[in-house]
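Inspection log for the structure reproduced underneath, given as structure tokens.
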Amino acid sequence: MLGLMQDWPLLLHRIIDHAAIQHGTREVVSRAVEDGGLRRRSYVEIRERALRVAKRLQWQGMRHGDRVATLAWNTDRHLELWYGISGIGAITHTVNPRLFPDQIAWIINHAGDRLLFLDLTFVAMIEQLQEKLPSIERYVILTDAAHMPQTTLKGAVAYEDWLAEADADFAWLAFDENTAAGLCYTSGTTGGPKGVLYSHRSNVLHAMTWAAPDYLNLSSRDTVMPVVPLFHANSWSLAYSAPMTGAKLVMPGAKLDGASLYELLEGEGVTMTAAVPTVWLGLLQHLEATGGKLSTLKRVVIGGSACPRAMTEAFERKYGVTVSHAWGMTEMSPLGSFCSVKPVYEHLEGEALYDLKVKQGHPGFTVEFRLTDDAGRDLPWDGKTFGRLKMRGPAVARAYFKREDEPILDEQGFFDTGDVGTIDPAGYMQITDRSKDVIKSGGEWISSIDLENLAVGHPDVAEAAVIGVAHPKWDERPLLVIVPKPGRRPGKEEMLAFMTGKIAKWWLPDDVVLVEAIPHTATGKIQKTALREMFRDYRLPG
Ligand code: ADP
């Protein structure tokens, strides 16, 4: 027997409708890409402009299932485009501008995008590339007539002029909640880019799951600043979960340096923000240099790569801001776990609490964890046994775009994340490595992440990375690569002494090397492949 409740498809435009009706005066404040000034709109205006986007896209000939690309920073315009595009059943393909131009061309061609909306920042790069983008019929530049540059881009038009041709007298189209809404390519940290195709249903469920108190903990009284880009896997749901809850949004545009972010945090009364560790490194350095305080910020979500313990301690102890370590991946929409304190761990304090906080945490309802060995046998959740982390749920990919025939799930329907980690009896997961980065020494595994976390705790270290290098006896041994803080030069013996006693002795790196910079991927992670390339000819001492 079926229940007798209404059929109300989980469609993304219902979120912006709700925000406009229930939280209509709440603002979306954006730093303009043109001049860095602030632009303010209400949720009522954002919805109205999204409806105009939808109507204008239809005139442009966009139809259900068409892919529309954006190459854009976090701004109100990017947000209204998202809702407008998916509101006609078309698909927003968020292109990551930090990819190499050839990769950008590759994914736009693979996606078959018909229109490209781009920020001023990227006009010159796309002019160079346009010959390689035959599927793009027209380029819309996210600016107004006053700031429109001279450009050779085909059919180029200023977004505000383009939008002015449509009014808001439009009704969202109706379609199945499983309709595709967004397309995001993995940045290829491991292999070539693969397209993850989100649906309306998966994005709505994902936003509902992670808005809850143990996770993003959002409410209408919050002011949320997503520094994590819309092009980085759904901005960790914030483009949906903030309007869903009525939180005010602060969009930082193109300026992500410590000083610019600090100005917004204080000026707009931000209570919650989220980004990868490298962004927070910039903010913490700015605070240290200026003696600034964080007077309204309550919570910072840090993820995308492991959040160093020293960073958590700096935010919590020096600035009174609670850190939530989060883990996820493009294929997971992207959130998979959050490290909030469950009652079983409520008694922890001091160092023991920070031991917990370096873990990636536990999943919200709709995400299931599995831990197996290479042969697919389940491993114990004892907090010690390393294994392959696998995930299942309604916002986890079951196949890649245009590769639907290639199976990516195990026999129980779990997706192998490519991450290696442990799960403790309370359900907290801790990543020890990517399966490709784990260091295999004498048949045992050494976690590069644990070593990196430890090394950045040294007061002279700005950033640290650990890679395995070939060793005649042990197969691989860890090499610690350090970017020192300005004016500091921590020596090898000093670093090893600092690490001794905090890890198993055989985990200690065989050598320590200082470099000026460590390469990062387009999503801000340490690029281990490039680092291994840098040290290809390196030989361990002895
Ligand atoms: P890619 O960088 O391959 O495009 P994603 O941006 O989707 O992919 O990154 C997903 C990966 O990032 C995860 O599989 C994991 O290895 C890493 N990651 C994300 N969050 C964390 C975290 N909090 N701690 C450690 N690793 C993380």
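The values are calculated or read from the model by the stated rules, or taken from the named source; none is laboratory data. What you see is a predicted model; the values in this text were computed from it and never measured. FYI the Cβ positions are ideal-geometry reconstructions off the backbone, even for glycines, and counts take in every protein chain you see. Surface accessibility is based on the protein's heavy atoms, side chains included, excluding ligands, DNA and RNA. Shrake-Rupley method; radii C 1.70, N 1.55, O 1.52, S 1.80 Å.
Things worth noting here:
- Among the criteria (1) assigned to a helix (DSSP H, G or I); (2) free of Cβ contacts under 8 Å to residues at least 60 places away in the same chain; (3) more than 16 Å from the ligand (Cβ to nearest atom); (4) not basic (Lys, Arg), the one PHE315 does not fulfil is (3).
- For the stretch 252-267, the count of residues that are open to solvent by less than 20 Å² (accessible area, probe 1.4 Å), within 24 Å of ALA69 (Cβ to Cβ) and in contact with a Phe, Trp or Tyr (Cβ under 8 Å, 6 or more places away or on another chain) is at least one.
- Considering ARG40, ARG52, the condition of being assigned by TED's automatic domain parsing to the domain that holds TRP172 and more than 21 Å from THR223 (Cα to Cα) is satisfied by ARG52 alone.
- So LEU133, is it open to solvent by less than 10 Å² (accessible area, probe 1.4 Å), touching a Phe, Trp or Tyr at 6+ places or on another chain (Cβ under 7 Å) and in the same structural domain as GLY36 (by TED's automatic domain parsing): no
- Residue in the stretch 234-243 that is within 16 Å of the ligand (Cβ to nearest atom), closer than 21 Å to GLN430 by Cβ and among the polar types (S, T, N, Q) present: no
- Filter pass, VAL44 being modelled with pLDDT of 95 or more and open to solvent by less than 30 Å² (accessible area, probe 1.4 Å): no
- For the stretch 386-426, a residue qualifies if it is part of a loop (DSSP other than H, G, I, E, B), over 29 Å from ALA181 (Cβ atoms) and either open to solvent by less than 10 Å² (accessible area, probe 1.4 Å) or within 15 Å of the ligand (Cβ to nearest atom) (or both), and the qualifying residues are PHE386, ASP424.
- Restricting attention to the stretch 353-378, the residues being open to solvent by 40 Å² or more (accessible area, probe 1.4 Å) and either within 16 Å of the ligand (Cβ to nearest atom) or free of Cβ contacts under 8 Å to residues at least 12 places away in the same chain (or both) number 4.
- For the residues VAL323, VAL270, the requirement of being open to solvent by less than 10 Å² (accessible area, probe 1.4 Å), away from the ligand (no atom under 12 Å from the Cβ) and out of contact with any His (no Cβ under 9 Å at 6 or more places or on another chain) singles out VAL270.
- Any hit, the stretch 99-114, residues being open to solvent by 10 Å² or more (accessible area, probe 1.4 Å), farther than 29 Å from GLN527 by Cβ and either acidic (Asp, Glu) or assigned to a helix (DSSP H, G or I) (or both): no
- The stretch 496-531, residues that are of a type outside the set (S, T, N, Q), open to solvent by 50 Å² or more (accessible area, probe 1.4 Å) and within 16 Å of the ligand (Cβ to nearest atom): HIS520
- Qualifying residue in the stretch 282-303 (condition: open to solvent by 20 Å² or more (accessible area, probe 1.4 Å), at pLDDT 95 or above and in a strand (DSSP E or B)): yes
- Qualifying residue in the stretch 167-182 (condition: within 16 Å of the ligand (Cβ to nearest atom) and either surrounded by fewer than 21 Cβ atoms within 10 Å (Cβ to Cβ) or among the β-branched types (Val, Ile, Thr) (or both)): no
- Candidates VAL228, VAL250, VAL224, filtered to the one that is within 16 Å of the ligand (Cβ to nearest atom) and more than 23 Å from ARG114 (Cα to Cα): VAL228
- Scanning the stretch 318-342 for residues that are aromatic (Phe, Trp, Tyr) and assigned to a strand (DSSP E or B) returns TRP327, PHE338.
- Any strands (runs of 3 or more DSSP E) falling wholly within the stretch 428-495 and containing at least 2 residues that are out of contact with any Phe, Trp or Tyr (no Cβ under 8 Å at 6 or more places or on another chain): 429-434, 461-471, 475-484
- Single residue of the stretch 427-461 satisfying the filter (of a type in the set (Lys, Arg) and in contact (Cβ under 8 Å) with a residue 60 or more places away in the chain) that is most open to solvent (accessible area, probe 1.4 Å): LYS436
- Selected residue [at pLDDT 95 or above, assigned to a loop (DSSP other than H, G, I, E, B), more than 30 Å from ALA397 (Cα to Cα) and among the hydroxyl-bearing types (Ser, Thr, Tyr)] from THR143, THR121: THR143
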